[in-house]
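Here's the structure, in C-alpha cells; my notes come after.
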Amino acid sequence: MKCLFVLLYALTGTLTALAQPGGPPDFSRQETRALSEPLTGVTTNGTVVPNLFPVRWTGVSTRPVRVAAERFIASLTPAQRSQTLFPVDDAEWRKRSNVDFYKRQGMGFADMSAEQLSAALILLKSALSAKGVKLAHDIRHLNQTLGELTGDFTRLNENLYWPTIMGTPSNTEPWGWQINGHHLVINYVVLGDQVVMTPTFMGSEPVTATSGQYAGTSILQPEQDKALAFVNGLTDAQRRKAVLDSAKTRNNILAEAFKDNVVIDYTGVQGSDLTTSQISQLLDLIGEHVGNLDEGHAKVKMADVRQHIWDTYFAWIGQTRTGSVLYYRVQSPVILIEFDHQGAVF
C-alpha cells in the first residue's frame, strides 16, 4: 500500500467512484444526494449532542487571517472574484474531495499571477502553524512528484489547488475559506476570534519522494510513529479493546467526502481505561494533528480535547510492527481523526 491519508475532525476523504464509460468517474450523483440532506455532522447515533461547541471568545486574535484574506480578495479581478467568493452559507463548503479529477471552484494556483499566488499562500500561512504550512507544501510537492512518476502533469502537479472565500472577512460576522485539491482539503471557519478548521484532509501518494525535484520529502511520519508507539505500549487487555482487526485488507476511512452526516459509534479502548502516562501519549498524538493550526488556536482546541479525554476512544486496524500497514481512529465528543494507509491508485 502506497497511499497515506489523514482526516482531521472528519467529513472528507476518498470515495468510491461511479464509473462512466469513456471518461473519468462521475461523482455528481453522490454530490447531489449528499447536498440534498440537511447538514447534521458526524454523530455516534444520528443525534447531535447539544452545547458541545459554544460561541465564545478565545482571546486568540484572528486579525492576521482576516487581513490576509482581504489582501487576497483585493488581488483578484472582478471576474476572478465572481468565481472565488461565495456566501457564508453556500453549499460550496460541502463540495470537496481529495481526488485529483474532482471539479473545483475558485481560481487555481496555476492560473494566478505571482502577486495573487503570494497572497493565497500568505492566507495559508496566516492560519496554520509552521508545521501545518510545511505539511501543506510538502503535500503539493509530492503531488508534483506523482506527476513526475506518471508523466501526467496535467492532472498532477504542485499548483492544482483552488482557494475559495465564503462570506466577507469580518471581526464579528462568520466567514471562512477553503482550499481544495488533490490530497489537500482544508476548511477554515472564523467567528470573532474563534476558529474551526474542519473538515481537513491531508495525504499523499507517494508518502516519500525518492527521486525528482523534491527528493527526500516525506509526510505524516510522526503521526504514524507515535500511534505505533502508543498501541505497542498498551497492556494485553487494553490492546484487545483497541485492535478491531489485525488484518488490514481494504481502505478503512469512514468519514469520506459526501458523508457529512456519517454515524460512527465509539469503539476501541477508552481514555478512562488508560494510565496517566498513556493519556499523555494519546494527547501528544492528537497534538500532532491539531498542531497544524496556528499555535494559539491549537491550544484552544487541545483544551477542548483534554476536557473530554476520558471519553476519547482509540481504535486500530492492522499489525503493530514497524512498517505495518495500518489504520487508526481517535474519536471523542469534540474530535475525530482517521489515519489510513490505502492501496495505490497511480
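The values are calculated or read from the model by the stated rules, or taken from the named source; none is laboratory data. Note that the structure is predicted; figures quoted are calculated from it, not measured. Positions of Cβ are backbone-derived with ideal geometry, glycine not excepted, and every protein chain shown enters the neighbour counts. Accessible surface areas use protein heavy atoms only, side chains included; no ligands, DNA or RNA. Shrake-Rupley method; radii C 1.70, N 1.55, O 1.52, S 1.80 Å.
Miscellaneous remarks
- For segment 231-250, filtered to residues that are touching a Phe, Trp or Tyr at 6+ places or on another chain (Cβ under 7 Å) and not charged (D, E, K, R), the residue that is farthest from ALA315 (Cα to Cα) is VAL231.
- Pairs with Cβ under 6 Å, 6+ apart, first in segment 218-240 and of a type in the set (Gly, Ala, Ser) and surrounded by 20 or more Cβ atoms within 10 Å (Cβ to Cβ), second in a helix (DSSP H, G or I) and at pLDDT 95 or above: ALA227/LEU285
- Taking the conditions (1) open to solvent by 50 Å² or more (accessible area, probe 1.4 Å); (2) in contact with a Phe, Trp or Tyr (Cβ under 8 Å, 6 or more places away or on another chain); (3) within 24 Å of GLN213 (Cα to Cα); (4) not β-branched (Val, Ile, Thr) in turn, GLU148 satisfies each one other than (2).
- Single residue of TYR328, TYR313 found to be touching a residue at least 60 places away in the same chain (Cβ under 8 Å), among the hydroxyl-bearing types (Ser, Thr, Tyr) and open to solvent by less than 70 Å² (accessible area, probe 1.4 Å): TYR328
- Residue within segment 162-174 that is assigned to a helix (DSSP H, G or I), aliphatic (A, V, I, L, M) and open to solvent by less than 30 Å² (accessible area, probe 1.4 Å) present: no
- Residue check: SER324 meets all listed conditions (1) part of a strand (DSSP E or B); (2) over 24 Å from VAL99 (Cα atoms); (3) touching a helix residue (DSSP H, G or I) at 6+ places or on another chain (Cβ under 8 Å) but one, namely (1).
- Given (1) within 28 Å of VAL67 (Cβ to Cβ); (2) open to solvent by less than 10 Å² (accessible area, probe 1.4 Å); (3) of a type in the set (Val, Ile, Thr); (4) under 17 Å from the mean Cα position of the chain (by Cα), number of the condition VAL196 does not satisfy: (2)
- Test for VAL345: is it assigned to a loop (DSSP other than H, G, I, E, B), of a type in the set (A, V, I, L, M, F, W, C) and open to solvent by 30 Å² or more (accessible area, probe 1.4 Å): yes
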